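Only the coordinates and a few stated rules stand behind these numbers; no lab work does. Everything numeric in this text was worked out from a predicted model, so none of it was measured. Cβ sites come from the backbone with ideal geometry, for glycine too, and all protein chains shown count toward neighbours.
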Amino acid sequence: MKIAILGAGAMGSLYGGFLAEGGNEVWLLDVWREHIDAINNNGLIIEGLSGHRIIKNIKATSNPFDIGIADLVIVFVKSTITDIVISQNLDIFDKNTIVLTLQNGLGNVEKINKLINKKNIIAGVTAHGATLISPGNIFHAGIGATNIGELNGGFSDRIRVISNIMNTAGLETTVSDNVIGLIWGKLLVNVGINALTAITKLKNGQLIDNAETEELLETAVNEAWNIVKAKGILLSYDNPIIYTKQVCKATAQNFSSMLQDITNCRKTEIDMINGAIVREGKKLGIETPVNITLTNLVKSIEKNY
Ligand code: PAF
């Protein structure tokens with residue numbers, strides 16, 4: 001299968017690397033020149049929990065015309081720029097191209113759908129963690145499952161094919177008929193981990209080694225859980241607080257994506273994560289004081305880069 005990864009940061013590169021190892025034609029599409037050049041010249045280096053290797057059968061480019069039409073586009077860009085990036089790379093899509101978003105945060109499907117027919121969009125979540133070490137070199141810092149699904153539920157042939165491709169490539173993947181539950185399930189994990197790690201500069205695992213950050217994690221997730229309950233969303237696990245702590249353990253050595261953003265003075269996904277909880281809380285009349293605090297603190301850090 002010809003697969004284009006839109007956004008070759010740590011996670012995009014990780015998935016691209018696995019899928020190339022699985023025998024697919026994989027293109028990484030990104031604007032970061034040094035990363036593109038390093039991969040094309042030396043291969044993609046993955047180190048960490050899944051082992052050290054150099055993947056040579058992967059191509060990287062900034063130019064959508066190099067790729068042509070892809071069978072599958074996996075979107076991994078920051079949720080802040082989803083619609084802009086899709087609009088700049090429309091040449092890799094045709095009426096049969098399937099678009100899979102595995103991004104963090106709320107609102108990505110809606111942004112993709114501004115330009116791509118909804119019937120071509122599928123969505124999912126990932127519990128892997130990865131960190132960019134240097135151009136062309138990433139660290140696989142947390143191993144977890146990938147869950148994907150059709151927006152309208154249902155177990156279509158195409159979702160099974162994509163799930164098989166991922167599993168064959170070593171990315172443990174399951175299909176769900178509850179994409180909204182998946183997206184909110186991942187959102188609550190990001191609500192508990194991302195802003196707190198970005199502010200404290202702790203690794204994911206350290207959040208639950210400190211009573212103070214552990215309490216803040218619990219309260220932030222609990223506020224978001226109240227919203228999930230009010231909206232009647234069915235999560236794919238029982239208790240978001242316990243689950244978020246499990247993700248902290250499974251990705252203990254990872255610097256969360258938001259901490260990586262802050263470290264590199266990039267705009268974060270705070271508006272689509274804790275900020276989204278604040279907005280939803282306002283609509284429903286549910287108090288979210290810890291999420292307001294986390295959102296405002298991250299925004300103040302961003303403003304003072
Ligand atoms: O955004 C992230 O960093 C990841 O979604 C997760 C699972 C929190 C691991 O770091």
Relative intensity, log₁₀ I(q)/I(0), of the stretch 130-251 from a Debye sum that treats every alpha carbon as a point, q = 0.21 Å⁻¹:
-1.19
Highest mean first, what order results for 167-174, 250-257, 7-14 on Cβ atoms within 10 Å?
7-14, 250-257, 167-174
Would you mind putting 159-165, 18-24, 209-215, 262-268 in packing order, based on average other-beta-carbon counts within 10 Å, highest first?
18-24, 159-165, 262-268, 209-215
What's the magnitude of the charge dipole for the stretch 181-303 around its Cα centre, counting Lys and Arg as +1 and Asp and Glu as -1 at the beta-carbon? Answer in Debye, nearest 20.
380
Trypsin sites (Lys or Arg not before Pro) lying in DSSP loop within the stretch 103-146, provided at most 14 other Cβ fall within 10 Å:
Lys114
Label point distance in nm, Asn41-Asn210, each placed 7 Å from Cα along Cα→Cβ:
3.9
In whole angstrom, largest first, the equivalent ellipsoid semi-axes that the Cα gyration tensor gives for the stretch 188-289 are 22, 16, 11
Listed peptides 91-98, 280-287 by packing density, highest first (mean Cβ within 10 Å):
91-98, 280-287
Could you state the angle between the C-alpha long axis of helix 240-250 and the longest principal axis of the C-alpha atoms of the chain, as a value from 0 to 90 degrees rounded to the nearest 10?
50
When the convex hull of its Cα atoms is projected in every direction, mean area for the stretch 2-177 (nm²):
8.7
Helix 179-200 vs. the chain, principal-axis angle (Cα, 0 to 90°, nearest 10):
70
In debye to the nearest 20, the charge dipole size for the stretch 2-177, taken about the Cα centre with +1 at each Lys and Arg Cβ and -1 at each Asp and Glu Cβ, equals 160
Cα centroid of the stretch 174-244 to Cα centroid of the stretch 13-46, whole Å:
30
Unsatisfied cross-links (Cα-Cα over 25 Å) in the set Lys2/Lys245; Lys229/Lys267; Lys229/Lys283; Lys56/Lys186; Lys59/Lys299; Lys118/Lys303:
Lys2/Lys245; Lys229/Lys267; Lys56/Lys186; Lys59/Lys299; Lys118/Lys303
Which whole-Hz ³J(HN,Hα) couplings does the stretch 158-165 yield from phi under the Karplus relation 6.51 cos²θ - 1.76 cosθ + 1.60, θ = phi - 60°, glycine and proline marked x?
5, 5, 5, 4, 5, 4, 4, 4
How are the Cα pair distances of the chain distributed, in percent, across 20 Å bins from 0?
35, 59, 5
Nothing charged except the Cβ atoms of Lys and Arg (+1) and of Asp and Glu (-1): what's the magnitude of the dipole of the chain about its Cα centre? Round to the nearest 20 debye.
380
